[in-house]
1. Just the residues that are open to solvent by less than 30 Å² (accessible area, probe 1.4 Å) and among the charged types (D, E, K, R), please, taken from segment 255-283.
2. Scan (1) free of Cβ contacts under 8 Å to residues at least 12 places away in the same chain; (2) closer than 13 Å to residue 4 by Cβ; (3) not charged (D, E, K, R) for the single condition residue 349 breaks and write down its number.
3. Can you pull out the residues in segment 49-68 that are in contact (Cβ under 8 Å) with a residue 60 or more places away in the chain and open to solvent by less than 100 Å² (accessible area, probe 1.4 Å)?
4. With respect to residue 37, is the statement that it is crowded, with 16+ Cβ neighbours inside 10 Å and either modelled with pLDDT under 95 or not polar (S, T, N, Q) (or both) true?
5. Working carefully through the options 306, 392, find the one that is in the same structural domain as residue 420 (by TED's automatic domain parsing) and β-branched (Val, Ile, Thr).
6. What do you reckon, is residue 121 more than 30 Å from residue 230 (Cβ to Cβ) and either among the small types (Gly, Ala, Ser) or out of contact with any strand residue (DSSP E or B) (no Cβ under 7 Å at 6 or more places or on another chain) (or both)?
7. I'd like to know if segment 4-24 contains one or more residues that are exposed (fewer than 14 other Cβ atoms within 10 Å of the Cβ) and assigned to a loop (DSSP other than H, G, I, E, B).
8. State all residues of segment 487-521 that are open to solvent by 50 Å² or more (accessible area, probe 1.4 Å) and among the hydrophobic types (A, V, I, L, M, F, W, C); if no residue qualifies, say none.
Amino acid sequence: MSLPESMSRVVVVGTKTRLEEAIEAFYSVKVLHVIDHTAGADGMSIGTPLHTNLKASERLLKVRAMEKELGIGKNTETEKVSATEIRSQISAGGVESIEAEVLKVLDVKNDLNRRITELNAKKKSLELLTALPVDLELYSGYKSLAVIAGTVESDPSDALRALADSESFVSFKKKKGGVAAVFVRAEDREKAASILSEHGFAEIAVPEGKGSVPDALAEADKGLADLSAKLGSVEKEVEALQIKHKTFLRASDEELSIEIEKGEVPLRIATGGHSYIMDAWVPTKKAQAVMAELESRLGNDVHIEVEETRGRNLHEEEEAEERFKKVPTKNNNGLIAKEYEHATSLVAVPKYQEIDPSVLIMFFLPLFFGFMIGDCGYAIPFIILGAYGLKVTHHKDWRAIATVLFFGGIWSFVFGFFFFGEALGMHFVGEWAPPLHMTWEGLLGMQMPDWFTGLLVNGHGVSKLEGDDVVMLLKLAVYIGIIHIMIGYVCGFLNIRRQHNNKHAFFEKGGWIIEFIGMVVFCYAMTQVLFSKAPMEGIVLYLLLVGLAMLVIGLAVNFKTEGAKAVIELPGVIGMILSYARLAAIGMSKAGMAMAFNYIVFIMFMGITKDVGGDIIWPGPIMLILTLLFLAFLHLVVWTLGILSGGLHALRLQFVELMTKFFVGGGTKYEPLKVKRIKTFLTKTEADKEV
């Protein structure tokens, strides 16, 4: 359990003439979380972007437009480029020259696409008109005649015969519809259109041309083939341009984005006629080093002071000026716990004044996962897959999953070997007596040494499917839940005590702690009476009375602060505790599936039996290979379900049962001024300058 890092607020005042140099210095220290200036505060206005921003913004728009046209994305693999080199190329007009080269090819491509679109539309019309015995030139060129052509949903032939001095051509098929062309006097056009509309008419544009429609269609097909060939050639040119310029464009995108980000810093600080003022949060332990670094780089043109070191009591936040109220949260976790910060952020960013749950999640999430899986055979792939993921991926979502798999796999191996003594749903030691008693010792016809059995609980491991062991696992799961929930309540008490005082903490969380302990003690005493048939006397009676007394006291404290809600939520305490029974239940369900699959493969498919001497009779090699492959597939199903059920339920217990007892969230993420380079890098000389 850890609090976010202690933060101090510093004020930086400097001369406006050296603002650009100061911004570079701010980025070089990498710890300044800028507090955005509010217009009118302190009688100073917000600054304006640096003069270089306009040109950089224009170039960035061009670069991103080219990236889009060339199909270059964030995940496109490119070589890293020196920041000095890319700046030099940009300054020399590299963006503009590449833009001219790219636009030249894209103009040709766009023109070809336009012509292909137009020709496809013409082809579609011609395909419809091929059903009519009318040449193209006959559809136009009249003064006194009107021509209407299009598709119809029903046959309009009979209705069109009523038109005087008209000629109509109709091709119609009941299921497919048809096409019609009507030649009428110009003054009867509206009448013809009205008749056609009753038959689901949709007019088509008749292409200009001469000769038969099939000839025109063949000519359109030939034109499309020629244009498609030219387009294919141009697309190859586009691909060549992508390969040629992708490194420059991705590096330019990054460098120009950095330049624009730096150029917009004046929009976040206060400026006057000759000076600027910047308020920022820095980690307290680095405040003095930051002050020394900025003063060494900017000399007498800068003055820095630590205005305050913010404590954890909420009254400090409430009394602060509005823009200084929220202190950013910088997580203060070790190497492993940092991997679990993403899980915490899925709920919310911790407040500056509250305990970061990441450390608790680091311990309990893989522990619960490992307890539910509890199998050496499934644990090894988890460990391998998790280690591989941590090595190759940098995406926070995948790293979070890989972390759970790796450490959860380790716990799964520990539980599976020492506690349960099983692999792939079968115990290591014991006799071969299917279906419940299927063991590796019996299957392989070997005797495990005494030192090996001495490593296992009870000399053979705990069964997930048999009588007393099942009861013990359910009890153990409940006891784990009691400890887990109690830790959450204690963390809540510590949070309130730190943020306010002991009195607040007692009335906010103390009552729930007393009530929770009272419920646990009371329920324990009742189970002894109801299930163990213990007489209600002596220690059992004392426990029952103590539990009732604590329940009444806790309920009274909670009623004072929460009213009737405290009474309504009392039964929920039992539900919270019993929800941890899933730790055992999921392990049992996984073991049951594994046992069933082992029985299906070894007994039903392979037909394994024992001879008179007690040795296993194995099937032939081909049958053995086939059934073992089938067994691997079935265990892969169990393994996959283990990831889903074990992972989701382990995470649920952290989010729903643990964190709700103390975690509020709603903090502001610590985002200091610093540059993250992926496609570019600083040379040693540049890096030394930044330092």
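The values are calculated or read from the model by the stated rules, or taken from the named source; none is laboratory data. Everything quoted here is computed from the prediction, not taken from an experiment. Don't worry about glycine lacking a Cβ; one is built from the backbone with ideal geometry, like all the others, and counts go over all protein chains shown. Heads up: the accessible areas ignore ligands, DNA and RNA and are worked out on the full protein's heavy atoms, side chains in. Shrake-Rupley method; radii C 1.70, N 1.55, O 1.52, S 1.80 Å.
1. Start the filter on segment 255-283 by keeping residues that are open to solvent by less than 30 Å² (accessible area, probe 1.4 Å), which leaves 255-256, 258, 260, 262-263, 265-266, 269-272, 276, 278-283.
Matches in segment 255-283: 255, 262, 279.
2. (1)
3. Hits for segment 49-68 are 49, 50, 52, 53, 56, 57, 59, 60, 63, 66, 67.
4. Numbers: crowded, with 16+ Cβ neighbours inside 10 Å: yes; either modelled with pLDDT under 95 or not polar (S, T, N, Q) (or both): yes.
Judged against the criteria, residue 37 is a match.
5. Working: 306 fails: in the same structural domain as residue 420 (by TED's automatic domain parsing).
Testing whether each residue is in the same structural domain as residue 420 (by TED's automatic domain parsing) and β-branched (Val, Ile, Thr) leaves just 392.
6. Values: more than 30 Å from residue 230 (Cβ to Cβ): no; either among the small types (Gly, Ala, Ser) or out of contact with any strand residue (DSSP E or B) (no Cβ under 7 Å at 6 or more places or on another chain) (or both): yes.
Criteria not met by residue 121.
7. Among the residues of segment 4-24, not one is exposed (fewer than 14 other Cβ atoms within 10 Å of the Cβ) and assigned to a loop (DSSP other than H, G, I, E, B), which makes the answer no.
8. First, pick out the residues of segment 487-521 that are open to solvent by 50 Å² or more (accessible area, probe 1.4 Å): 490, 493-494, 497-498, 500-504, 506-508, 517.
490, 493, 494, 506, 507, 517 - these are the residues of segment 487-521 that are open to solvent by 50 Å² or more (accessible area, probe 1.4 Å) and among the hydrophobic types (A, V, I, L, M, F, W, C).
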